[in-house]
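The values are calculated or read from the model by the stated rules, or taken from the named source; none is laboratory data. The shown structure was predicted, so the numbers you read here are calculated from the model rather than taken from an experiment. Every residue, glycine among them, receives a Cβ derived from its backbone with ideal geometry; neighbour counts consider all protein chains shown. Side chains are part of the model used for accessible areas, which takes the heavy atoms of the whole protein and leaves out ligands, DNA and RNA. Shrake-Rupley method; radii C 1.70, N 1.55, O 1.52, S 1.80 Å.
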Amino acid sequence: MKRLTIGLFAHVDAGKTTFAEQLLYHTNSIRSRGRVDHKDAFLDSHDIERTRGITVFADQAVMEYKGDTYYLIDTPGHVDFSPEMERAIQVIDYAVVIVSAVEGVQGHTETVWQLLRKHRVPVFFFINKTDRVGADAGRTQEEIRQQLTGDGCPITHGFADGLVGEPLREMMAERDESSLTAYLEGSDCPDFWLQAMQRMIREGLLYPCAYGSALQDTGVAEFLEQLHLLTTASYEERAPFSGRVYKIRHDANGVRLTFMKALSGRLKVREQLGYESGGISYDEKVTRILLFNGLKSQPVEQVTAGDLFAVAGLSAARAGQGLGLLSDKLAYQSEPTLTAKVQFDDTLHVQKVLGAFRTLESEEPSLDVVWEESMQEIHIRVMGVIQLEVLEQLVKERFGYVVSFGQPEILYKETIQSAVTGYGHFEPLRHYAEVHIGIEPGERGSGIIFESRCHPDALNMNYQHLIRTHLYEREHHGLLTGMPVTDLKITLVTGAAHKEHTHGGDFREAAFRALRQGLEKADNVLLEPYYHFTIKVGMEELGRVLSDVQRASGTFDPPQAMGTYMVVEGRAPVSTFMNYSAEFASFTHGRGSIRCVFGGYDRCHNAEEVIGRIGYRKEADPLYTSSSIFCAKGAGYSVPWDEAEAKMHLL
């Protein structure tokens, strides 16, 4: 018996959730098929999803088919919920990408494809809605070939009952040496061709492509059988336990549930699980194990490799976290580019609202909740306006708070372009800590990287680890706009403590002041988020598109011909290009396509204008001071950043 996790992916409205309903129905997992428009789909079980008619949460169901267990994850298709979709990719064995035979390959389809290829996930395609007016499965398959992969292989009529047809054998022979040898020798062994096809799908050499209509239940049962025959599992049950966290949720009683996949071994209730989170090591007992099927959960005593489940008892594990034998934490490509202020009535206590958003942040880490203590304000990071609308409803339903959000603004960041050394000293009466750090620019997208070159004889390792933890515990404001600093390599050079007067918080103060003092001396640079775009347009609209890109301060590569269309790839600032999709659809009348994905941060194209508009005053940011505190005559006194270096004890 094999256990596999199958992820369903699609551009919004391609019919993914309806397709999931049919799979569940054909495996007797549900008694009747639900529909999105009837608001009764099994996996769109939240009121928010049923009201809006879109998938917001990556929920799972369990299917049993011919003795095998399949965990099905229905992922969001809207770009605003891409982080939820990407986290699910980390734990799936195979992906099924649904493409509409009417609309063809759309922008989000390409985004999904790129993420699946990045993580080397085997992919099946299902061309849906073949019953609709304007549907063309052949044209859609050609779009898949041109825009996604030339290795798509049709299986609707080329593979049945485990028998690989002649056209498929030819495709396999063109892509695999052992298949070529067998083909030339005239091998007709069904087992060889089936196993070879399974292997080539698993290795990303072939991508099976079927078609039908989920709404009319055409081709779905046949596809289920093909999926069953062409997938394989290889989990080591006898090895020690390892798992990967893919989401966090809280039950109706507020108990934290950690959803994960077992990648090897077995896990039992009351066993200890070790992991590291935020620089802190944890060793916690699993108090419950639950198998989820939609909203229903079933407690079990044990799970084994390949199972998808939730546990209670882990207090700090995060999405992407490796557990057991795995100690790494995966990073995600989907990153919010907007920030918004949380607004609420004065009758609500700010700390209660903050607590609610901290809970939501544990479930959706990309929210990256920021508490501005000086202004008593809560700010969050979001992917788009639809996500804000969903959050409004979610906070009201779960916590009973009525909130709204200010106009979302571009999330800028800051970095430096020259290496400096920062010095921080914190010595009010009966406290002592001094920290010297080297700060240099890092690669774009690298975030904050810390290393220590400080000898343990100068500062013991416990204090060095403490400095590292403090530097990672929060984002740090830049000097130009007060936005987060990023892409820095910070090296602990040396530090000093006092045998009697040093407390843990002293190094927090000294490290923060050292970083800020270094930024004061550096050449600071403002960064803004960029889109990488791919535009497919007719020749008659090409000139308009190129002019629009230039007007938006973007750049592009030479246009490439693709049949009757021209394809333009390039980069443009999110601030100038975020609303271009609607304008593009208007003047092209729906012909052509545009795909925008987050392309990282780079130099801001209008830095002076942004700095002036934000009007950040660095000296009025008390939590991010660059001054140091020294002690004289039994009292502490503040020394400005440009005078502090001369007073350091270790120089």
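Restricting to the range 578-637, what's the tally of residues that are of a type in the set (A, V, I, L, M), more than 22 Å from GLU110 (Cβ to Cβ) and touching a residue at least 24 places away in the same chain (Cβ under 8 Å)? If you could, list the steps in order and put the result at the bottom.
We begin by selecting, within the range 578-637, every residue of a type in the set (A, V, I, L, M); these are 578, 582, 585, 594, 597, 607, 610-611, 614, 620, 623, 629, 632, 635.
The next check asks that each one be more than 22 Å from GLU110 (Cβ to Cβ); those that pass are 607, 610-611, 614, 620, 623, 629, 632, 635.
So of that shortlist, the ones also touching a residue at least 24 places away in the same chain (Cβ under 8 Å) come out as 607, 610-611, 614, 623, 629, 635.
Residues in the range 578-637 being of a type in the set (A, V, I, L, M), more than 22 Å from GLU110 (Cβ to Cβ) and touching a residue at least 24 places away in the same chain (Cβ under 8 Å): 7 in total.
Quick check on the range 127-136. Is at least one of its residues open to solvent by 40 Å² or more (accessible area, probe 1.4 Å) and of a type in the set (A, V, I, L, M)? First the steps, then the outcome.
Start the filter on the range 127-136 by keeping residues that are open to solvent by 40 Å² or more (accessible area, probe 1.4 Å), which leaves 130-134, 136.
Narrowing the set further to residues that are of a type in the set (A, V, I, L, M) leaves 133.
Among the residues of the range 127-136, at least one is open to solvent by 40 Å² or more (accessible area, probe 1.4 Å) and of a type in the set (A, V, I, L, M), which makes the answer yes.
Need at least 3 residues that are under 22 Å from the mean Cα position of the chain (by Cα) and free of Cβ contacts under 8 Å to residues at least 60 places away in the same chain per element, so show me which strands (runs of 3 or more DSSP E) inside the range 247-323 make the cut, counting only ones lying wholly within it.
Numbers: elements: 256-264, 266-268, 272-277, 280-285, 288-293, 296-300, 302-304, 308-312.
Passing ranges, in order: 256-264, 272-277.
Among (1) assigned to a helix (DSSP H, G or I); (2) buried (at least 19 other Cβ atoms within 10 Å of the Cβ), which single condition is GLU540 missing?
(2)
Which of the residues belonging to the range 6-28 are under 16 Å from GLU225 (Cα atoms) and either of a type in the set (Ser, Thr, Tyr) or assigned to a loop (DSSP other than H, G, I, E, B) (or both)?
TYR25, THR27, ASN28
Checking the conditions here, which among GLY265, GLY254, GLY204, GLY212 is of a type outside the set (S, T, N, Q) and buried (at least 22 other Cβ atoms within 10 Å of the Cβ)?
After applying the criteria, what remains is GLY212.
Could you tell me which numbered condition SER234 fails, if it satisfies all but one of (1) of a type in the set (Gly, Ala, Ser); (2) within 20 Å of ASP68 (Cβ to Cβ); (3) part of a helix (DSSP H, G or I)?
Checking SER234 against (1) of a type in the set (Gly, Ala, Ser); (2) within 20 Å of ASP68 (Cβ to Cβ); (3) part of a helix (DSSP H, G or I), the one that fails is (3).
(1) in a loop (DSSP other than H, G, I, E, B); (2) open to solvent by 50 Å² or more (accessible area, probe 1.4 Å): which one isn't true of GLN141, the others all being true?
For GLN141, the failing item is (1).
Identify the residue in the range 144-165 that is among the aliphatic types (A, V, I, L, M) and part of a helix (DSSP H, G or I) and, among all such residues, is least open to solvent (accessible area, probe 1.4 Å).
Here is the first cut: in the range 144-165, the residues among the aliphatic types (A, V, I, L, M) are 144, 148, 155, 160, 163-164.
Checking the rest, the ones that are also part of a helix (DSSP H, G or I) come to 144, 148.
Numbers: ILE144: 4, LEU148: 25 Å².
The residue in question is ILE144.
Could you check the range 619-637 and list, in sequence order, the residues that are under 21 Å from HIS476 (Cα atoms) and either of a type in the set (Ser, Thr, Tyr) or open to solvent by 80 Å² or more (accessible area, probe 1.4 Å) (or both)? Full working, then the answer.
Narrowing the range 619-637 to residues under 21 Å from HIS476 (Cα atoms): 619-629.
Those that are under 21 Å from HIS476 (Cα atoms) and either of a type in the set (Ser, Thr, Tyr) or open to solvent by 80 Å² or more (accessible area, probe 1.4 Å) (or both): GLU619, PRO622, LEU623, TYR624, THR625, SER626, SER627, SER628.
For the range 441-455: of the residues being within 19 Å of THR469 (Cα to Cα) and assigned to a strand (DSSP E or B), which is most open to solvent (accessible area, probe 1.4 Å)?
The qualifying residue most open to solvent (accessible area, probe 1.4 Å) is ILE449.
Using beta carbons and a limit of 9 Å, which pairs, at least six apart or on different chains, have the first residue in the range 533-561 and without any contact (Cβ under 8 Å) to a residue 12 or more places away in the chain and the second one among the aromatic types (Phe, Trp, Tyr)?
Listed pairs, sorted by first residue: GLN550/PHE556.
In this structure, does GLU110 turn out to be open to solvent by less than 50 Å² (accessible area, probe 1.4 Å), outside any loop (DSSP other than H, G, I, E, B) and of a type in the set (D, E, K, R)?
yes
Starting from the range 347-366, take each residue that is within 22 Å of PHE57 (Cβ to Cβ) and without any contact (Cβ under 8 Å) to a residue 40 or more places away in the chain and list its partners that are among the β-branched types (Val, Ile, Thr) and buried (at least 16 other Cβ atoms within 10 Å of the Cβ), counting only C-beta distances under 7 angstrom and pairs at least six apart or across chains.
As it stands, the answer is PHE357/VAL342; PHE357/VAL369; PHE357/ILE378; PHE357/ILE380; ARG358/VAL369; GLU361/VAL369, since those pairs meet every condition given.
For the range 571-606, enumerate the residues that are at pLDDT 90 or above and at positive phi.
GLY600
Out of the residues in the range 3-25 that are at pLDDT below 90 and surrounded by fewer than 22 Cβ atoms within 10 Å (Cβ to Cβ), which is farthest from ALA262 (Cα to Cα)?
ASP13
Of VAL435, VAL402, VAL493, VAL420, which residue is β-branched (Val, Ile, Thr), open to solvent by 30 Å² or more (accessible area, probe 1.4 Å) and farther than 30 Å from VAL350 by Cα? Give the steps one after another, and end with the answer.
On the way: VAL435 fails: open to solvent by 30 Å² or more (accessible area, probe 1.4 Å); VAL402 fails: farther than 30 Å from VAL350 by Cα; VAL420 fails: open to solvent by 30 Å² or more (accessible area, probe 1.4 Å).
Just one listed residue meets the conditions, VAL493.
Quick check: anything in the range 345-366 part of a loop (DSSP other than H, G, I, E, B) and surrounded by 19 or more Cβ atoms within 10 Å (Cβ to Cβ)? I'd like the intermediate steps shown before the answer.
First pass over the range 345-366, keeping only residues part of a loop (DSSP other than H, G, I, E, B): 345-349, 364.
Imposing the further condition that a residue be surrounded by 19 or more Cβ atoms within 10 Å (Cβ to Cβ) reduces the set to 364.
Yes: the range 345-366 contains one or more residues that are part of a loop (DSSP other than H, G, I, E, B) and surrounded by 19 or more Cβ atoms within 10 Å (Cβ to Cβ).
Can you spot a residue in the range 562-573 that is surrounded by fewer than 17 Cβ atoms within 10 Å (Cβ to Cβ), assigned to a strand (DSSP E or B) and not hydroxyl-bearing (Ser, Thr, Tyr)? Walk me through how you get there before you give the answer.
Kept after step one, since they are surrounded by fewer than 17 Cβ atoms within 10 Å (Cβ to Cβ), are these residues of the range 562-573: 562-564, 569.
Narrowing further to those that are assigned to a strand (DSSP E or B): 562, 569.
The next check asks that each one be not hydroxyl-bearing (Ser, Thr, Tyr); those that pass are 562, 569.
Within the range 562-573 (the criterion being surrounded by fewer than 17 Cβ atoms within 10 Å (Cβ to Cβ), assigned to a strand (DSSP E or B) and not hydroxyl-bearing (Ser, Thr, Tyr)), the answer is yes, since at least one residue qualifies.
Can you tell me which condition VAL96 does not meet? The list is (1) open to solvent by 10 Å² or more (accessible area, probe 1.4 Å); (2) at pLDDT 75 or above; (3) within 22 Å of the chain's Cα centre (by Cα); (4) aliphatic (A, V, I, L, M), and all the others hold.
(1)
Would you call GLU583 of a type in the set (Asp, Glu), open to solvent by 50 Å² or more (accessible area, probe 1.4 Å), outside any loop (DSSP other than H, G, I, E, B) and within 30 Å of GLY384 (Cα to Cα)?
On the way: of a type in the set (Asp, Glu): yes; open to solvent by 50 Å² or more (accessible area, probe 1.4 Å): yes; outside any loop (DSSP other than H, G, I, E, B): yes; within 30 Å of GLY384 (Cα to Cα): yes.
So GLU583 fits the description; yes.
State whether one or more residues within the range 74-88 are hydrophobic (A, V, I, L, M, F, W, C) and open to solvent by 10 Å² or more (accessible area, probe 1.4 Å).
First pass over the range 74-88, keeping only residues hydrophobic (A, V, I, L, M, F, W, C): 79, 81, 85, 88.
Subsequent filtering for residues that are open to solvent by 10 Å² or more (accessible area, probe 1.4 Å) retains 79, 81.
Yes, there is a match, as at least one residue in the range 74-88 is hydrophobic (A, V, I, L, M, F, W, C) and open to solvent by 10 Å² or more (accessible area, probe 1.4 Å).
Could you run through the range 456-477 and say how many residues are under 25 Å from the mean Cα position of the chain (by Cα) and part of a loop (DSSP other than H, G, I, E, B)? Walk me through it before giving the result.
First, pick out the residues of the range 456-477 that are under 25 Å from the mean Cα position of the chain (by Cα): 468-477.
If we keep only those that are part of a loop (DSSP other than H, G, I, E, B) too, we end up with 473-476.
Total meeting the criteria: 4.
May I ask you to verify whether TYR530 is open to solvent by 70 Å² or more (accessible area, probe 1.4 Å), within 32 Å of the chain's Cα centre (by Cα), among the hydroxyl-bearing types (Ser, Thr, Tyr) and on the phi < 0 side of the Ramachandran plot?
Details: open to solvent by 70 Å² or more (accessible area, probe 1.4 Å): no; within 32 Å of the chain's Cα centre (by Cα): yes; among the hydroxyl-bearing types (Ser, Thr, Tyr): yes; on the phi < 0 side of the Ramachandran plot: yes.
No: the conditions fail for TYR530.
Can you report the number of residues in the range 324-337 which are of a type outside the set (A, V, I, L, M), touching a strand residue (DSSP E or B) at 6+ places or on another chain (Cβ under 8 Å), in contact (Cβ under 8 Å) with a residue 24 or more places away in the chain and assigned to a loop (DSSP other than H, G, I, E, B)?
Matching residues across the range 324-337 total 6.
Which condition number in (1) touching a helix residue (DSSP H, G or I) at 6+ places or on another chain (Cβ under 6 Å); (2) closer than 23 Å to VAL105 by Cα; (3) in a helix (DSSP H, G or I) is the one that TYR183 fails?
Looking at each condition in turn, TYR183 falls short on (2).
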